[in-house]
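Okay, so here's the structure we're looking at.
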Amino acid sequence: MAVLVIAEHDNAELKDATHKTVTAAGQLGGDVDILVAGKGAGAVAEAAAKIDGVRKVLHADADALEHQLAEAMEALVVPLADNYDAILAPATASGKNFMPRVAAKLDVMQLSDVVAIEGADTFTRPIYAGNAFMTVKSKDAKKVATIRTTTFAAAGESGSASVESVDYAGGGEKSSFVGAELSVSDRPELTGAKIIVSGGRALASSDNFEKLIEPLADQLGAAVGASRAAVDAGYISNDHQVGQTGKVVAPELYIAIGISGAIQHLAGMKDSKIIVAINKDEEAPIFQIADYGLVGDLFKIIPELQEELAKVGYAAKAPA
Amino acid sequence: MKVLVPVKRVIDYNVKVRVKPDETGVDLANVKMSMNPFCEIAVEEAVRMREAGSAEEVVVVSIGPEKAQEQLRQALAMGADRAILVKTDETVEPLDVAKILKSIVEKEGPGLVILGKQAIDDDSNQTGQMLAALLGWPQGTFASKVEKDGDNYKVTREIDGGLQTVALDGPAIVTTDLRLNEPRYASLPNIMKAKKKPLDVMEIADTGVALSPRLEVVKVAEPPKREAGVKVETTAELVSKLKTEAGVL
Ligand SMILES: Cc1cc2nc3c(=O)[nH]c(=O)nc-3n(C[C@H](O)[C@H](O)[C@H](O)COP(=O)(O)OP(=O)(O)OC[C@H]3O[C@@H](n4cnc5c(N)ncnc54)[C@H](O)[C@@H]3O)c2cc1C
Ligand SMILES: Nc1ncnc2c1ncn2[C@@H]1O[C@H](COP(=O)(O)O)[C@@H](O)[C@H]1O
């Protein structure tokens, strides 16, 4: 058995999602290799070589791979698949984009968002917004899966695998990168954060989001999350949406403020260790899954909470 | 230019899903079924393109039971021109859906196929990408904006760090994200008109695809239950509990 893990990175930095996917790969048994596809991502390949339990790193360097567009990734990965019994990528926006192309080309069904590996051919994944967990046995000779990283621990970094170059032979010419608008922030990334402060429709404006949710997050060193309603209304950008169709998170502490707790939102955060809900409606469904609920008006509660946190050593940060 | 929009009949997003006690699946008896919300967004986008003159015809297609005609009629009422039902009572996996759609694309020759990014029942998020690969077409997934540029497309995509824009040579595949548009409600006159629009019914065999399911369901279980905790009265009590009881501060 040999497993290929496709690394998540931005050409500069290897993302933790990769380490978690390596853990999942290890549970399948056999050798684990990592593919780093990018442009000028040598440092990423070196970092990947340090992940525990990795046999070797394949490094593909080409202009066409800079943004890991799906068409180029398909062209790169499909020929490499001959040498592997399973191909895994994290279930990130990037993995979700190219992996089904790889699966279709190999004529296999992709296993999406795998949360548990029960055996070499048996996998569990959430369906219906996490309201059910389906365990399936795959009859495909090769497995193609995306891995939900919140349920696997990150592999360590004490290895020293070799790095080998692989060629990109072209094939992704029908699509090209035009531009990106990426959020720049000093806050932790949502999917890796220990604490998340999340705001909903009740914030009522982007101004309030900035004046209330963000300072509270900064005081706690937390990432900022949001409900779909808050994103749709433009209070904050799309990459902050938590839920069935947004990001799935599982921090130590998730504070949901002015969020009702629709199943689509819960699907993205109910594996958090501790959930706090602040809502003025004591019947709000979010309270049914919250460890600590506080009923009241967020506009009054947030400033109070900030004061209380300051008393226990979380100093308020000056606005950026 | 013709736009093809695959739409799926799924359990309504407001329904509380229940797992069957024998763990063979979820209970779909007598529950409200609807068009997958991401497919509604796809239909809306295609209809807007036709209204703006950048598309001539919008064809919707569903692979599913006889009753999926309801969702196709809804799409027609929203403004689609013509519908195709590929009738089956089997569960069709995304790979087979993609193969069936490929055969329909080859017959219809659209310049663009717009799908939902994900069906809210299986949460697979893969059919559009698979169809793109099988056709050898480029894709713009998780779209929040689609612009036509001659025979080509510029698609803005929602990605983990923000937004990305890609250029695609047509014909191409787009999958919709939530912010692409807000689907219209069909008006009563349009619902009446939709009843007269063409809806062809065919069998899977007519598409030349032989179903080959790859996944055997071992079981469908309830997710781990999370119990409600306690209500606290003040922010001071909250902070104290988070610090001493929960140990997360
Ligand atoms: C296909 C599809 C996909 C979806 N995907 C997602 C997803 O990924 N993530 C997601 O979050 N949603 C998703 N949704 C939307 C989801 O169904 C809900 O509509 C959404 O989560 C509601 O957001 P909200 O809780 O912020 O707003 P609301 O439901 O309007 O809740 C606002 C809450 O704020 C409270 N409130 C109001 N004023 C105050 C105040 N002053 N102080 C304290 N509390 C106050 C109210 O009591 C209420 O509970 C999806 C929906 C569909 C159809
Ligand atoms: N049975 C089906 N009939 C028509 N379209 C489908 C079907 N299944 C999936 N699709 C399309 O593929 C999209 C993504 O579905 P999925 O890959 O299952 O999450 C849906 O939003 C539809 O546009």
*Would it be correct to say that A:LYS270 is out of contact with any strand residue (DSSP E or B) (no Cβ under 7 Å at 6 or more places or on another chain) and within 13 Å of ligand 1 (Cβ to nearest atom)?*
yes
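From the list B:LEU178, B:LEU168, B:LEU238, exactly one residue is within 12 Å of another protein chain (Cβ to nearest Cβ), farther than 28 Å from B:ILE120 by Cβ and crowded, with 17+ Cβ neighbours inside 10 Å. Which is it? Walk me through how you get there before you give the answer.
Numbers: B:LEU178 fails: farther than 28 Å from B:ILE120 by Cβ; B:LEU168 fails: farther than 28 Å from B:ILE120 by Cβ.
Going through B:LEU178, B:LEU168, B:LEU238 in turn, just one is within 12 Å of another protein chain (Cβ to nearest Cβ), farther than 28 Å from B:ILE120 by Cβ and crowded, with 17+ Cβ neighbours inside 10 Å: B:LEU238.
For the range B:126-133, check the following and say yes or no: at least one residue is within 16 Å of ligand 1 (Cβ to nearest atom), in contact (Cβ under 8 Å) with a residue 40 or more places away in the chain and buried (at least 22 other Cβ atoms within 10 Å of the Cβ).
The first filter runs over the range B:126-133 and keeps only residues within 16 Å of ligand 1 (Cβ to nearest atom), leaving B:127-128.
If we keep only those that are in contact (Cβ under 8 Å) with a residue 40 or more places away in the chain as well, we get B:127-128.
From what is left, the residues that are buried (at least 22 other Cβ atoms within 10 Å of the Cβ) are B:127-128.
Among the residues of the range B:126-133, at least one is within 16 Å of ligand 1 (Cβ to nearest atom), in contact (Cβ under 8 Å) with a residue 40 or more places away in the chain and buried (at least 22 other Cβ atoms within 10 Å of the Cβ), which makes the answer yes.
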*Flag if A:LYS137 is of a type in the set (Lys, Arg) and surrounded by fewer than 24 Cβ atoms within 10 Å (Cβ to Cβ)*: yes
*Look through A:ASP121, A:ASP61 and report the one residue that is under 28 Å from A:LYS39 (Cβ atoms), modelled with pLDDT of 95 or more and among the acidic types (Asp, Glu).*
A:ASP61
_Search result, residues across the range A:183-220 that are surrounded by fewer than 15 Cβ atoms within 10 Å (Cβ to Cβ) and either touching a Leu at 6+ places or on another chain (Cβ under 9 Å) or among the aromatic types (Phe, Trp, Tyr) (or both)_ = A:LYS194
*Go through the range A:257-272 residue by residue and tally those that are within 19 Å of B:VAL239 (Cβ to Cβ) and part of a helix (DSSP H, G or I).*
0
*asked:* Quick test for you: out of A:TYR235, A:TYR254, pick the one residue that is in a strand (DSSP E or B), more than 9 Å from ligand 1 (Cβ to nearest atom) and out of contact with any Cys (no Cβ under 6 Å at 6 or more places or on another chain).
replied: A:TYR254
*Contacts under 8 angstrom Cβ, first residue in the range A:249-271 being among the charged types (D, E, K, R), partner within 16 Å of ligand 2 (Cβ to nearest atom), 6 or more apart*: A:LYS270/A:GLY130; A:ASP271/A:VAL248
*If you go through the range A:291-320, how many residues are free of Cβ contacts under 8 Å to residues at least 60 places away in the same chain and either among the polar types (S, T, N, Q) or within 12 Å of ligand 1 (Cβ to nearest atom) (or both)?*
7
*How many residues are surrounded by 15 or more Cβ atoms within 10 Å (Cβ to Cβ) and either on the phi > 0 side of the Ramachandran plot or within 12 Å of ligand 1 (Cβ to nearest atom) (or both) when one looks only at the range B:26-41?*
8
*Which ranges mark the strands (runs of 3 or more DSSP E) fully within the range B:49-159 that have 1 or more residues being farther than 20 Å from B:THR176 by Cα and either over 17 Å from the mean Cα position of the chain (by Cα) or within 14 Å of another protein chain (Cβ to nearest Cβ) (or both)?*
B:82-87
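Just checking, how many residues over the range B:42-56 are away from ligand 1 (no atom under 13 Å from the Cβ) and surrounded by 15 or more Cβ atoms within 10 Å (Cβ to Cβ)? First the steps, then the outcome.
Filtering the range B:42-56 for residues away from ligand 1 (no atom under 13 Å from the Cβ) gives B:43-56.
In the following step, the residues that additionally are surrounded by 15 or more Cβ atoms within 10 Å (Cβ to Cβ) were identified as B:43-50, B:54-55.
Adding up the residues that qualify gives 10.
If you take just the strands (runs of 3 or more DSSP E) that sit entirely in the range A:83-168, which of them hold at least 1 residues that are facing another protein chain (nearest Cβ under 7 Å)?
Working: elements: A:86-90, A:110-114, A:116-119, A:122-127, A:132-138, A:143-147, A:162-166.
In the range A:83-168, A:110-114, A:122-127, A:132-138 are the strands (runs of 3 or more DSSP E) which contain 1 or more residues that are facing another protein chain (nearest Cβ under 7 Å).
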*What are the residues in the range A:23-62 that are touching a Phe, Trp or Tyr at 6+ places or on another chain (Cβ under 9 Å) and not in a strand (DSSP E or B), if any?*
A:THR23, A:ALA24, A:GLN27, A:ALA62
_Given (1) on the phi > 0 side of the Ramachandran plot; (2) more than 22 Å from the chain's Cα centre (by Cα), number of the condition A:GLY243 does not satisfy_ = (2)
_Looking only at the range B:92-125, count every residue that is surrounded by 24 or more Cβ atoms within 10 Å (Cβ to Cβ), polar (S, T, N, Q) and away from ligand 2 (no atom under 12 Å from the Cβ) and tell me the total._
0
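The values are calculated or read from the model by the stated rules, or taken from the named source; none is laboratory data. All of these numbers come straight from a predicted model, not from anything done at the bench. So basically every Cβ, Gly included, is an ideal-geometry build from the backbone, and we count neighbours across all protein chains shown.
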